[in-house]
Amino acid sequence: MTLLALNKPFGTICQFSPHPTRPTLAECVTRPGVYPAGRLDADSEGLLLLTDDGRLQARIAEPERKLPKTYWAQVEGEYDEAAVARLRAGLDLGDFVTLPCEAREIAEPAHLWPRHPPIRYRASIPTHWLEITLVEGKNRQVRRMTAAIGKPTLRLVRIAIGPVDVFSLKLAPGQWCELPQQILTLPGQRSRRAPR
């Protein structure tokens, strides 16, 4: 069984087959036979787990497994505690109601890598950062949630899946490393493998 952690760069499609206009995972990961366990949209960045084991893939990706996924979202507008409280409580997005989640304001992350290209800067519109932890992962869920409270997401970075976090692994965008399978069952365990 193989389990890999990748820091997926902005703009990269979560597939290995060629894409006519976008880079794919094949440009980052050289290990054959692995597939993404869950997805990250092309315009989202950060931690993606890949495996060759279908059961482990299901454990990571399926909402019923309740494996928490933590995101940093740079959103438009001033911080509004009432709006963030709505995120925490769960939102009706029309086609589904989100489960309650953890959400809080954080300072702009000083150790976050720069995005290429950078977000569009507008001097007249402030931004702030939220940390959001979900136990589900519907299509474009974080972006839809922040839009529903009037705070469109400008940049979205997944920093952790369960006990695995991209900063402990020291992965720059496009780098990956192999993880022990037990990392998802033994909270707090960290990989010591060097990034590639």
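Taking first residues from the range 1-24 that are in the same structural domain as Leu56 (by the TED database) and partners that are of a type in the set (S, T, N, Q) and open to solvent by 60 Å² or more (accessible area, probe 1.4 Å), the Cβ contacts under 6 Å between residues at least 6 apart in sequence or on separate chains come to Met1/Gln181; Leu3/Gln181.
So that you can scan it fast, the table gives a plain yes or no per residue for (1) within 22 Å of Gly174 (Cβ to Cβ); (2) buried (at least 17 other Cβ atoms within 10 Å of the Cβ); (3) β-branched (Val, Ile, Thr); (4) touching an Asp or Glu at 6+ places or on another chain (Cβ under 9 Å):
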site: Trp72; (1), (2), (3), (4): yes, yes, no, yes
site: Asp80; (1), (2), (3), (4): no, no, no, no
site: Val84; (1), (2), (3), (4): no, yes, yes, yes
site: Thr98; (1), (2), (3), (4): no, yes, yes, yes
site: Arg104; (1), (2), (3), (4): no, no, no, yes
site: Glu108; (1), (2), (3), (4): no, no, no, no
site: Pro114; (1), (2), (3), (4): yes, no, no, no
site: Pro118; (1), (2), (3), (4): yes, no, no, no
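In a residue-by-residue description of the range 44-67, the property of being touching a residue at least 12 places away in the same chain (Cβ under 8 Å), open to solvent by 70 Å² or more (accessible area, probe 1.4 Å) and at positive phi applies to at least one position.
Residues in the range 128-167 that are open to solvent by 20 Å² or more (accessible area, probe 1.4 Å), in a helix (DSSP H, G or I) and under 19 Å from Gly38 (Cβ atoms): Arg143, Arg144.
The values are calculated or read from the model by the stated rules, or taken from the named source; none is laboratory data. Computed from a prediction, not measured in an experiment: that's the story for all the values here. Here the Cβ is made from the backbone with ideal geometry for all residues, glycine too, and neighbour counts use every protein chain on show. Please note that ligands, DNA and RNA were not included when accessible areas were found on the heavy atoms of the full protein model with its side chains. Shrake-Rupley method; radii C 1.70, N 1.55, O 1.52, S 1.80 Å.
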